[in-house]
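Coordinate-derived values only; no laboratory data. No experiment lies behind these values; they were computed from the predicted model shown. Neighbour counts are summed over all protein chains in view; Cβ atoms, including those assigned to glycine, are modelled from backbone coordinates with ideal geometry.
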Amino acid sequence: MRFPRHRTVSYAPSALVVATCLLAGAFLTPLVAQPATPRYEVKRATSAITIDGRLDEPTWTAASAPVTLQFLWDEQTGAKQQTRARVVWDDEALYIGYDADDADITAQYTERDDPTYRDDAVEIFINPRPDQTGVYYGFEWNARGVMYDYLNYNSRTLFKHFDARGVEVATALRGTLNERSDTDNGWSLEAKIPWANFETLSPRPPAAGTVWKANFNRWDGVAPDRRMSIWSDPQNETSWPHVPERFGELVFVE
Ligand SMILES: [Ca+2]
Ligand SMILES: [Ca+2]
């Protein structure tokens, strides 16, 4: 049996076909791909870290290059001041170091679980079990080193009566706090969070190869000139960062 030879047929779509396609398109929701979420390699600490707010230990220099935070909401006013954040780990704890450019360092709140996000503040949201997005841990420290820590449930409910244990935090200011008439340089913050705080979602501390999810944020400025910057874009029109589905990856490595 002989098969017919292949033929190439070219034709112009009729006006009816074009019109049908356009009509169908009008009723289809376009699939817009979300941008990829970032990843950060969390290296093991190479030397002891003294929690004094100064990122001058060799282990910070040896850490992965810092994440930088993006300015995503143009309706916000206030200066766009850069923030760099690094993370390292050891058998005992997770360590986070932030370095913030800041020409005007301000922070009013002084008590645990005060709304420090209304001050100059840096934050990390941590999900130690990325196969779920219902619950994660939030830590928000102002330039005084005052901590607001909580469990976030369903992206909307913040249980501030969760108090992490054994957290050490300190800030170092390159400037004057709440003195608005001069020009400051910036501030840095070191935090140590023992693994035991995460054991409900992660019964064992991470090992090399473990992936957790997280986001880094900063609130900066004095109302009404406030601005949020963030590591992984939550794909929100407003500056609501509590979107665990959009957290970036923390990849633990040796
Ligand atoms: Ca500031
Ligand atoms: Ca708390």
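One table, with the values for the structure above:
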item: Rounded to whole Hz, the Karplus (6.51, -1.76, 1.60) HN-Hα couplings of the range 125-134, x for glycine and proline; result: 10, 10, 10, x, 9, x, 6, 9, 10, x
item: Interchain or long-range residues, amide H under 5 Å from R129's placed H; result: K213
item: Using alpha-carbon coordinates, inclination of helix 15-27 to the longest axis of the chain, degrees; result: 30
item: The range 106-157 and the range 198-224: distance between their alpha carbon centers, rounded to Å; result: 10
item: Dipole moment magnitude, nearest 20 debye, the chain about Cα centre, only Lys, Arg, Asp, Glu C-beta charged; result: 1660
item: Relative contact order, percent, the chain [alpha-carbon distance under 8 Å, six or more residues apart]; result: 25
item: For the range 105-115, 3J(HN,Hα) per residue [Karplus equation, 6.51 cos²θ - 1.76 cosθ + 1.60, θ = phi - 60°, Hz, x = Gly/Pro]; result: 8, 9, 6, 9, 6, 10, 10, 3, 6, 4, x
item: Label point distance in nm, E249-H161, each placed 7 Å from Cα along Cα→Cβ; result: 3.8
item: Normalised convex hull volume, the chain, alpha-carbon set, Å³ per residue; result: 231
item: DSSP-defined beta bridges in the range 39-252 - what % are antiparallel, rounded to 5; result: 90
item: Lys pairs, the range 39-252 - Cα-Cα below 24 angstrom, 8 or more residues apart or on other chains; result: 5
item: Mean ellipticity per residue at 222 nm, deg cm²/dmol - from DSSP H runs of n ≥ 4 across the chain, formula -39500 (n - 2.57); result: -2000 deg cm²/dmol
